Each structure stands twice: as structure tokens, then as C-alpha cells.
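Following: one structure in C-alpha cells, then a few remarks.
A short reminder: the numbers here are calculations on the coordinates, not readings from a lab. As the structure is a computational prediction, the values presented were derived from the model and not from experiment. In this analysis, Cβ positions are derived from the backbone assuming ideal geometry, glycine residues included, and neighbour counts consider all displayed protein chains.
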Amino acid sequence: MARTTTKRPAARKRNPPNPWLVLRRSKIHGRGVYARKDIPRGTRLIEYTGEVINNAEADRRYEDDKMSRHHTFLFILNDRWCVDAAVGGNIARFINHKCDPNCVAWIEGKRIWIDALTDIRQGEELGYEYEYDFDSTYTIEDLAFYGCRCGSPKCRGTIVDVPKRKWHMVRELRRRMRAGRRASTKRPERSSDR
Ligand SMILES: C[S@@+](CC[C@H](N)C(=O)[O-])C[C@H]1O[C@@H](n2cnc3c(N)ncnc32)[C@H](O)[C@@H]1O
Ligand SMILES: [Zn+2]
């Protein structure tokens, strides 16, 4: 009998699951990262891994103007470099932004670490401040493009780190969001209502 040589693809090496973190659907956005068990404040949870690229390359890969809603896995390190977790990223890339965060991201050179900022209960969604830079030319619409849905009473309505002197923009953004929510939950008018 002829022998066939079946070339099997090498088994993909999987990283062991992170002891603290688990991935699930998120009410904030897409998928999010949750506490697998109670986490004490100060615990080092995970490194935010990915490809280190310069900012020009990041602009080439992701053009905000071409997105209807902002979505990337970029983490800015400084004015020259960032990490693109779309390449070689781990579960850390799914941690969403929170305006009232329970985690914090530390930059050490070209590496990024996510630590627990508070005690975190099992099942709680993790989030850190993305601190997107505020640009002095930003309008309310720009802030809405980077809209935040963290749901916290402290939510400023945008992932952008708005300086206190521009807080009037946050108030206006939140007013518009409330009005939008009211309009979308309003009962549709029936002919018998007229
Ligand atoms: C690194 S990803 C986080 C994972 C994301 N949930 C997913 O499933 O791909 C970053 C993107 O998630 C979205 N995102 C993160 N936090 C958010 C928040 N608080 N409100 C709205 N969108 C958020 C934004 O689109 C952002 O560009
Ligand atoms: Zn928020």
C-alpha cells in the first residue's frame, strides 16, 4: 500500500489562561475583560503586548477620518512610539476604557503593564483611563466620535481626557446624549394619539 505523507499543521501554541482575567461580551463595547476571581488592589494583572510601531506607521494603518466610529487596538507610548495590539496582542487589548477606572496602565519604556487600581470583585468588568489626548481644535462632535459608554455616574461621555477648562464641552456633550436617549426611548406616536 502506498504511503501518504500527510503534512499536519504544527499545533498552535496557546498561552495559558491568565489567572485573573476572563474575556466576555461587554455592555460597554464589543468584548471586555472581567475578573475571574476577587483581585486585590495593586495586583499586576497583565502586560499589554503588541507590535511596537512609530506614530507615522500607526497613522498609516488607522485613519480616524475613514472610521464611522473610532476603534483601534493602539496604545500610545509617547510622541514617537505606540503599541499595536492588533499584531501579537493578548487579552489585554480587550480591556475597555472606564471614566471611573478600577485598573491603571503603567508605561515602562516601551512596555505597558495593567495593574488593579482598586479591589475588584469577581465578575466585575475591568477598565482603565485611556486618556486620549485633547486637541484644542476639537468640537463636541469630535468628542462624540470618541464617545464613552462606560455607564458610570462619573462618565464624561467621551474617552478623550478633557481638561477642566474645557469642561463646558463635556456638559454640552452629556446634555446631547441625554436628549438622544430620551428621543430614542420615546413611544412612537400612534394615529389614535392625534
Ligand atoms: C482596545 S479596544 C477594546 C476592546 C473592544 N471592546 C473590542 O471588543 O474590540 C478599544 C476600542 O474599544 C472601544 N471602547 C473601549 N472603551 C470604550 C468605552 N468606554 N465606550 C465606548 N467604546 C469603548 C473603542 O471603539 C476603542 O477604540
Ligand atoms: Zn465613561
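Here are the numbers for this structure:
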{"read-out": "Assigned charges on the beta-carbon of Lys, Arg, Asp, Glu; the range 19-130 dipole about Cα centre (debye)", "value": "480 debye"}
{"read-out": "Residue among G88, G157, S26 farthest towards the positive dipole end of the chain, charges placed on Cβ", "value": "S26"}
{"read-out": "Enclosed volume per residue, in Å³, of the convex hull spanned by Cα atoms of the chain", "value": "257 Å³"}
{"read-out": "Footprinting exposure proxy for C82, C99 (fewest neighbouring C-beta atoms within 10 Å first)", "value": "C99, C82"}
{"read-out": "Check: the chain dipole with +1 on Lys, Arg Cβ and -1 on Asp, Glu Cβ, in debye", "value": "1180 debye"}
{"read-out": "E47, E63 arranged by Cβ crowding within 10 Å, fewest neighbours leading", "value": "E63, E47"}
{"read-out": "Relative contact order [Cα under 8 Å, 6+ residues apart], the range 19-130, whole percent", "value": "36 percent"}
{"read-out": "Selected from I46, T139, I76, residue furthest toward positive end of dipole (the chain; charges at beta carbon)", "value": "I46"}
{"read-out": "Residue-averaged 222 nm ellipticity for the chain, from DSSP H runs of 4+ at -39500 (n - 2.57), nearest 500", "value": "-5000 deg cm²/dmol"}
{"read-out": "Length gained when the stretch N90-E129 is fully extended (0.36 nm per residue, less Cα-Cα span)", "value": "12.2 nm"}
{"read-out": "Least to most buried among D79, D115, D65 (fewest other Cβ within 10 Å first)", "value": "D65, D79, D115"}
{"read-out": "Separation of alpha-carbon centers, the range 132-147 and the range 86-126, rounded to whole Å", "value": "23 Å"}
{"read-out": "Relative contact order of the chain, defined on C-alpha pairs under 8 angstrom at six or more residues apart (%)", "value": "20 percent"}
